[in-house]
Amino acid sequence: MILEIKNITKNFGGISALTDVSFSINKGEIFGLIGPNGAGKTTMFNMITNMFAPTSGEIIFDGEQITGIKPYQITDKGICRTFQNIRLFPQMNVLENIMVGGHSRTHSGVLKSVLRTKSQRNEETKLRGIARDLMELVGLSNYDEVIAENLSYGQQRRLEIARAMASNPKLLLLDEPAAGMNETETESLFDLIKKVQARGVTVLIIEHDMPLVMKLCDRITVLNFGKKLAEGTPEEIQNNQTVIEAYLGSEEDDDIA
Amino acid sequence: MLGELLNPYQLQIICFILINIILGLSIYVTLSSGQLSLGSAGFMGIGAYTSALLTINFDVPIFIGVIAGALAAGILGLIVGIPSLRLQGVYLAIATLGFGEVIRVFFVNWESVTKGAIGISGIPNIGRELFATFRDAGFDPDMIGLKNNQFVYLLVLIILLIINILLIWFFIRQNKSRVGRAFAAIKMDEKAAEAMGINITYYKVLSFTQGAVLAGFAGGLFAHVMSYISPADFAYNRAIDILIFAIFGGSEVIWGAVFGAVFMTILPEALRFISEYRYMIYGIILIILMAYRPQGIIDINVLNWFKKFKKQKGGAVHDSGDQKHN
């Protein structure tokens with residue numbers, strides 16, 4: 001078990017975004033978090049990365065309680081994320097973007113950087129090597145000097161994954177990586193996420209593209225109006241009556257309408 | 001021959017340019033992590049007064065005084081920087097501008113030490129002190145055909161030039177490192193930077209403090225070049241002047257702030273012949289710039305163009321060399 005979400009509740013003022021949600025993710029699996037818009041999926045991501053704290057409940061990562069630590073420390077612990085609306089460093093080139101992702105695995109401060117000590121140079125060379133390897137992984141080889149904002153939409157999404165991977169995460173959080181992608185791009189995204197998994201990284205993914213989710217995920221949790229609706233394998237979820245109702249509306253709803 | 005070339009007035013202008021470059025660097029460093037600070041004039045004042053008072057009252061050597069001034073400004077920068085972290089953009093600018101005014105008013109009112117609005121005169125001059133050392137060693141500027149005051153200014157100029165080169169070298173290296181990438185990441189997207197494991201608080205305070213140290217350092221040098229300082233030297237219009245270095249030259253790359261400092265120091269001097277109209281020209285240039293080049297004169301594209309140009313020229317030289325060889 002790499003991540004345990006225990007009875008998480010989050011209230012914003014009087015509005016309850018998540019109510020008593022629990023699930024746990026096994027090491028090495030691809031875990032899907034799905035649900036209609038406003039179900040609380042991104043709120044869950046923001047709490048795992050400690051962008052804000054839950055009202056109550058616990059998040060345990062790798063046997064350690066992580067609620068209440070700083071967001072940048074989460075990256076040190078081995079969790080890194082991508083964003084629903086792409087948040088690259090737009091004026092940096094591809095290589096620099098990925099190297100920023102490696103910030104937490106490097107340590108040179110001002111003095112070492114200015115004096116270019118041997119350890120600093122080794123660190124930079126190593127990081128550049130890691131970045132090149134990740135560029136190959138996401139299909140951006142030889143894009144070193146290209147400014148991030150000049151990349152195509154699909155490339156930007158993949159660069160965000162490479163940047164997150166540069167922190168050497170144990171758990172990668174992907175927030176709607178296929179949003180706005182065409183079929184070919186989605187297919188190459190599927191391959192990419194499988195490759196990430198093959199590298200021993202656990203993946204937690206929020207996604208609306210159901211065919212992709214069903215093909216990709218080992219297990220899925222469904223959220224609806226901040227509550228957990230169901231959990232299981234893609235087959236179980238597809239045949240779950242309450243899930244179908246949440247997505248398509250029940251017959252009773254039709255009657256009311 | 002050298003004596004005819006070196007005009008003391010021009011030498012002095014170059015010294016001002018070199019001090020202004022340090023001030024330009026100070027605002028550039030703070031801006032490189034996305035923080036707009038207008039406290040540079042205040043920090044400059046702290047550096048100037050600290051160094052002036054130490055050298056006058058305690059006979060401290062000038063270079064120790066200047067470093068003490070920079071450190072004092074740095075410590076104050078740290079104290080101001082930490083609470084200011086919560087402020088973004090224009091709010092930080094207003095708060096730091098207010099800080100600068102507090103410092104100035106403090107200098108005006110603490111008369112027993114700072115002599116109030118009259119200011120401090122008779123501050124040891126870097127050039128003269130060095131000149132004295134040279135003379136004691138048996139060196140006479142006449143030997144290289146220079147008058148005494150030419151030699152003094154020349155010494156100051158050389159020292160400032162060395163300091164400038166070292167500082168620019170320092171910040172170019174810092175920019176190309178993990179620290180510089182963290183600054184740039186915070187400037188472009190703070191939330192994303194934090195998600196990448198960057199300790200926002202640390203790097204923001206670091207860049208703010210570096211800016212304060214630089215401004216304090218420039219202030220110390222200013223005091224020992226001018227030999228006279230008063231609170232009016234560190235008023236808010238100084239802060240605006242410094243801001244304009246970065247806005248005019250460009251704040252994306254280090255050379256922008258350097259260029260801005262050089263140009264904006266020369267411009268009023270070059271326009272001296274039209275006397276009071278010169279500030280009108282100054283204003284018009286700024287308005288045109290904001291309309292057509294809001295990022296400042298020097299940005300990354302200009303630098304790339306220069307690099308390409310240099311490469312091409314280098315290649316051409318290489319070719320002609322080959323031809324000669326044939």
* Asked: Mind checking which aspartates and glutamates have their C-alpha under 13 Å from B:Lys310, skipping anything on the same chain fewer than 8 residues away?
  -> none
* What relative contact order, as a whole-number percentage, does region A:59-196 give when Cα pairs under 8 Å and 6 or more residues apart are counted? -> 38 percent
* Asked: Helix A:118-137 sits at what angle to the longest principal axis of chain A, using alpha carbons and giving 0 to 90 degrees rounded to 10?
  -> 40 degrees
* Structure fact -> At 37 °C in a medium of viscosity 0.692 mPa s, chain B has a Stokes-Einstein diffusion coefficient, with Rh taken as the Kirkwood radius over alpha carbon pairs, in µm² per second, of 155 µm²/s
* Are there any helices in chain B, counted as whole DSSP H runs, that stretch 27 Å or more along their axis by Cα and score at least -0.5 on average by Kyte-Doolittle, and if so which? -> B:8-31, B:62-84, B:89-109, B:148-175, B:200-226
* Asked: Where the convex hull is taken over the Cα atoms of region A:90-166, what is its projected area averaged over directions, in nm²?
  -> 4.9 nm²
* **Whole-Å distance, taken between Cα centres, linking region A:61-103 and region A:20-36** => 19 Å
* Asked: Per the helix-only calculation at 222 nm, which mean residue ellipticity applies to chain A, given -39500 (n - 2.57) for every DSSP H run of n ≥ 4 and division by its residues, nearest 500 deg cm²/dmol?
  -> -11500 deg cm²/dmol
* For region B:51-130 and region A:215-231, compute the distance between their C-alpha centroids and round to whole Å. => 60 Å
* Starting from region B:145-191, pick out the trypsin sites (Lys or Arg not before Pro) whose DSSP state is loop and whose Cβ has at most 15 other Cβ atoms within 10 Å. => B:Lys147, B:Lys176
* Structure fact -> In degrees, nearest 10, the alpha-carbon axis of helix A:153-165 is tilted away from the dominant principal axis of the alpha carbons of chain A by 70 degrees
* Structure fact -> Using alpha-carbon coordinates alone, the radius of gyration and Dmax of chain A in Å work out to 19.5, 74
* Structure fact -> Among the Cα-Cα pairs of region B:88-164, the proportion with separation greater than 19 Å, in percent, is 61 percent
* Asked: Mind checking the mean number of beta-carbon atoms from other chains within 10 Å of the Cβ atoms in B:181-188?
  -> 5
* **18 Å Cα-Cα threshold exceeded, pairs from A:Lys6/A:Lys41; A:Lys70/B:Lys191; A:Lys27/A:Lys227** => A:Lys27/A:Lys227
* To do: Enter the Cα centre distance for the pair region B:145-194 and region A:143-199, rounded to the nearest angstrom.
  => 37 Å
* **Farthest positive-ward along region A:77-212 dipole, Cα basis, beta-carbon charges - from A:Gly154, A:Leu88, A:Leu127** => A:Leu127
* To do: Please sort by residue number the chymotrypsin sites (Phe, Trp or Tyr not before Pro) in region B:131-193 whose DSSP state is loop and whose Cβ has at most 15 other Cβ atoms within 10 Å.
  => B:Phe139
* Give the share of C-alpha pairs in each 10 angstrom bin for region A:1-51, from 0 to the last occupied bin, in whole percents, shortest bins first. => 22, 58, 19, 2
* **Angle between chain A longest axis and helix A:183-198 axis [Cα atoms, degrees, rounded to 10]** => 70 degrees
* Structure fact -> Partner shielding of A:114-123, taken as the mean number of other chain Cβ atoms within 10 Å, equals 2
* Asked: Which far-off residues, 5 or more places away or on another chain, put their amide H under 5 Å from the one on A:Ser24, with H placed in the peptide plane?
  -> A:Ile5
* To do: Would you mind getting the Kirkwood hydrodynamic radius of the protein assembly as shown from its Cα pairs, rounded to one decimal in Å?
  => 27.4 Å
* Sorted by mean Cβ packing within 10 Å, highest first, what order do the peptides A:166-177, A:135-146, A:25-36 take? -> A:166-177, A:25-36, A:135-146
* Structure fact -> From DSSP H assignment alone, runs of 4+ in chain B each adding -39500 (n - 2.57), the sum over residues rounded to the nearest 500 puts [θ] at 222 nm at -25500 deg cm²/dmol
* Under 12 Å Cα to Cα from B:Lys176, which aspartates and glutamates show up? Leave out anything in the same chain fewer than 8 places away. => A:Glu96, A:Glu124
* Within a 10 angstrom radius of each residue's Cβ in B:284-293, how many Cβ atoms of other chains show up on average? Whole number is fine. => 0
* To do: Pull up the cross-link candidates among the aspartates and glutamates for A:Lys10, meaning alpha carbon to alpha carbon under 16 Å and not fewer than 8 places away within one chain.
  => A:Asp20, A:Glu58
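Bear in mind that the values in this text are calculations on the coordinates, not laboratory data. Not measured: the values here are computed from a predicted model. Using ideal geometry, Cβ is built from the backbone for each residue, glycine included, and neighbour counts are taken over all protein chains shown.
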